[in-house]
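Q: After the structure tokens below, expect a handful of questions from me.
The values are calculated or read from the model by the stated rules, or taken from the named source; none is laboratory data. What you see is a predicted model, and the numbers here were worked out from it, not measured in a lab. For neighbour counting, all protein chains shown are included, and Cβ atoms are generated from backbone atoms with ideal geometry for every residue, glycine included.
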Amino acid sequence: MKQIQPTAFLNNQPYYEVTMIQTMKKLHRDLPPTKIWGYNGEYPGPTFRVWRNQPIHVLWKNELPLKHFLPIDTTVHGAEKDKPEVRTVVHLHGGVTPDTSDGYPEAWFTRGFKEVGPYFTNEIYTYPNQQKATSLWYHDHAMGITRLNIYAGLAGLYIIHDEEEMNLDLPKFPFEIPLIIQDRSFHRDGSLLYPSQPEIPVPGVDPSVIPDFFAETIVVNGKVWPYIEVDPRLYRLRILNGSNARFYRLSLSNGAPFIQIGTDQGLLASPVEVPHLLLAPAERADVLVDLRSFHGETITMMNDAESPFPQGTKPDPETAGSVMQFRVSSKPSALATCSIPNQLTHIPKLKEKQSHKTRKLLLNTRSDSYGRSIHLLNDRLWVEPISEDPRLWSVEVWSLVNVTKATHPIHLHMVRFQVLDRQPFDEEKYEEEGKIVPTGPRRPPDPNEQGWKDTVRANPKEITRIIVPFGPYSGLFVWHCHILEHEDYEMMRPYYVIS
């Protein structure tokens, strides 16, 4: 993937211009070129590499066609017939950013800023980059069509570096490899396939939004089932699940473990060895892979996560069950000095007694007027009044009570948080009486979740508790499920940080 460079300086700070355009890309040797939408014409978009406390400015420009090439359901809020078909707005996912540069879903803009959404304020975004070293990503967030714009190609990586991370004895370029994992389906002519109807068509709505979408092929860094030639040495992989709805449970075919050193919001306190790596949409994992004992081997990264997760079926090992290959050279590696540190960083543990407020928030479903299932946050639609209004610098505990059948990756904009625990509850009691009755003890997060997060897996029939410090900015933000089909169809809510 290409790395982007600033084009100028604004207020003595780096200034970038990024243009969204439609182009053709060859994603596999056996596929005809595929029409995609890319930042600067690239799929994925170019990678930003920035330094902590060095702000940057970005002008995001929309030069896309006026008509979308994927099916738009105009019954979805924000995508009605009176709205421009092609609208974009960029969100820096995980970025600690003021609301005017956050990419609010209704702050969209069209080609040449000819039309803008009701919450649009400024063309140039400012990213303060005040947070510790981490792997973020940027992607489209336009109301009602996020699932289509990201599927078309509008996503890229944004990596923040700092001195603490650089002083660790970790692999550096070219032995540090970002991996954006997505799933895509194709027509025979190479064009992207995205369904215009669910499996059972919806009478009176065409095209119709679908509950979720699991494509047939895996695409890594814009290539279908790629391989990479590597040396027998230690590698650092920055992995992003950039899929619309697919979860990944990743493992290596030779049984080698992943050594996880970081999560969504930066380094863990110390490395955690995991035999497999579970990533929901939008989650990231920073891992080390030790290939020093595998001279001349071909190692496949595999996926066996169910779709939908966790109640669905496992993927075919020949299709979505295979992600990519690492082809290890039989020759000795050049001198490599990097190693696996025992300690990485200090993470102050937030305690429940620090919280100023606790909120119980339901993840639920109901039917719309066409009989389709809508996923909701606390049984509220997007247009209903704001109900989450934390005060600036307050700490809150959010209890996410999932009464649906699927795991939902819940993402909060602007803030980072820690996972407190998960607890099962009696599903029958809820269905019969509407009561949440725990059936077991609270269990702590997995060891590789015990760092700073911005996206958490809220499992069905469980209460997932997170503790959230709200700062450093006041203003209007959103929280939502990052299964994009859910997000687009009502599983997203605004929240307001009161100063």
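Q: In segment 290-331, how many are in contact with a Phe, Trp or Tyr (Cβ under 7 Å, 6 or more places away or on another chain) and of a type in the set (Val, Ile, Thr)?
A: Number satisfying all stated conditions: 2.
Q: May I pose another question? If you check Lys429, Lys435, which single one turns out to be in contact with a helix residue (DSSP H, G or I) (Cβ under 8 Å, 6 or more places away or on another chain), on the phi < 0 side of the Ramachandran plot and modelled with pLDDT under 95?
A: Of the residues listed, the single one that is in contact with a helix residue (DSSP H, G or I) (Cβ under 8 Å, 6 or more places away or on another chain), on the phi < 0 side of the Ramachandran plot and modelled with pLDDT under 95 is Lys435.
Q: Of everything in segment 134-180, what is assigned to a loop (DSSP other than H, G, I, E, B) and of a type in the set (Gly, Ala, Ser)? Give them in sequence order.
A: Listed by number, the residues that qualify are Ala142, Gly144, Gly153.
Q: Look through Val209, Val219 and report the one residue that is in a strand (DSSP E or B), of a type in the set (A, V, I, L, M, F, W, C) and crowded, with 20+ Cβ neighbours inside 10 Å.
A: The unique qualifying residue is Val219.
Q: Further question on the same structure: So, of the residues in segment 373-402 that are part of a loop (DSSP other than H, G, I, E, B) and crowded, with 18+ Cβ neighbours inside 10 Å, which turns out to be farthest from the chain's Cα centre (by Cα)?
A: Out of the qualifying residues, it is Pro390.
Q: Looking only at segment 357-372, count how many residues are out of contact with any Phe, Trp or Tyr (no Cβ under 9 Å at 6 or more places or on another chain) and either free of Cβ contacts under 8 Å to residues at least 60 places away in the same chain or buried (at least 18 other Cβ atoms within 10 Å of the Cβ) (or both).
A: Matching residues across segment 357-372 total 8.
Q: Filter segment 6-63 down to the residues that are of a type in the set (Asp, Glu), assigned to a strand (DSSP E or B) and surrounded by fewer than 16 Cβ atoms within 10 Å (Cβ to Cβ) and list them by number.
A: Glu17
Q: Out of segment 226-248, which residues are in a loop (DSSP other than H, G, I, E, B), touching a strand residue (DSSP E or B) at 6+ places or on another chain (Cβ under 6 Å) and surrounded by fewer than 19 Cβ atoms within 10 Å (Cβ to Cβ)?
A: Residue satisfying the conditions is Pro226 alone.
Q: Here is a further query. Inside segment 403-418, can you point out the residues that are more than 22 Å from His93 (Cα to Cα) and crowded, with 19+ Cβ neighbours inside 10 Å?
A: Thr404, Ala406
Q: Another one. Can you find, within segment 165-190, the residue that is nearest to Ile210 (Cα to Cα) among those that are in contact with a Ser or Thr (Cβ under 6 Å, 6 or more places away or on another chain) and surrounded by fewer than 19 Cβ atoms within 10 Å (Cβ to Cβ)?
A: Only one residue fits best here, namely Gly190.
Q: Would you check if Asp304 is farther than 30 Å from Glu427 by Cβ, surrounded by 12 or more Cβ atoms within 10 Å (Cβ to Cβ), out of contact with any Cys (no Cβ under 6 Å at 6 or more places or on another chain) and not β-branched (Val, Ile, Thr)?
A: no
Q: Continuing with this model, one more query. Take the conditions assigned to a strand (DSSP E or B) and either at pLDDT 95 or above or surrounded by fewer than 19 Cβ atoms within 10 Å (Cβ to Cβ) (or both) and apply them to Ile200. Does it pass?
A: Considered against the rule, which asks whether it is assigned to a strand (DSSP E or B) and either at pLDDT 95 or above or surrounded by fewer than 19 Cβ atoms within 10 Å (Cβ to Cβ) (or both), Ile200 comes out as no.
Q: State the number of residues belonging to segment 307-348 that are touching a Gly at 6+ places or on another chain (Cβ under 8 Å) and in a loop (DSSP other than H, G, I, E, B).
A: Total meeting the criteria: 7.
Q: Here is a follow-up. When only residues in segment 249-263 that are more than 26 Å from Asp30 (Cα to Cα) and in contact (Cβ under 8 Å) with a residue 60 or more places away in the chain count, which is surrounded by the fewest Cβ atoms within 10 Å (Cβ to Cβ)?
A: Per the criteria, the residue is Ile259.
Q: Against the definition (touching a strand residue (DSSP E or B) at 6+ places or on another chain (Cβ under 9 Å) and over 16 Å from Asp183 (Cα atoms)), how does Thr263 come out, yes or no?
A: yes
Q: Mind listing just one residue for me: the one in segment 438-462 that is basic (Lys, Arg) and on the phi < 0 side of the Ramachandran plot and, of those, surrounded by the fewest Cβ atoms within 10 Å (Cβ to Cβ)?
A: Taking the candidates together, the pick is Arg443.
Q: Between a first residue in segment 404-415 that is touching a residue at least 40 places away in the same chain (Cβ under 8 Å) and a second residue that is β-branched (Val, Ile, Thr) and assigned to a strand (DSSP E or B), which pairs have beta carbons less than 6 Å apart while being 6 or more apart in sequence or on different chains?
A: Within 6 Å, the pairs are Thr404/Thr365; Pro409/Thr455; Ile410/Val456; His411/Thr455; His413/Val478; Val415/Val468.
Q: Quick one: Asp421 ticks every box in (1) surrounded by 15 or more Cβ atoms within 10 Å (Cβ to Cβ); (2) acidic (Asp, Glu); (3) free of Cβ contacts under 8 Å to residues at least 40 places away in the same chain; (4) under 30 Å from Gly95 (Cβ atoms) except a single one, so which number is it?
A: Of everything listed in (1) surrounded by 15 or more Cβ atoms within 10 Å (Cβ to Cβ); (2) acidic (Asp, Glu); (3) free of Cβ contacts under 8 Å to residues at least 40 places away in the same chain; (4) under 30 Å from Gly95 (Cβ atoms), Asp421 misses just condition (3).
Q: Within segment 114-124, identify whether any single residue is among the aromatic types (Phe, Trp, Tyr), modelled with pLDDT of 95 or more and assigned to a strand (DSSP E or B), and answer yes or no.
A: No, there is no match, as no residue in segment 114-124 is among the aromatic types (Phe, Trp, Tyr), modelled with pLDDT of 95 or more and assigned to a strand (DSSP E or B).
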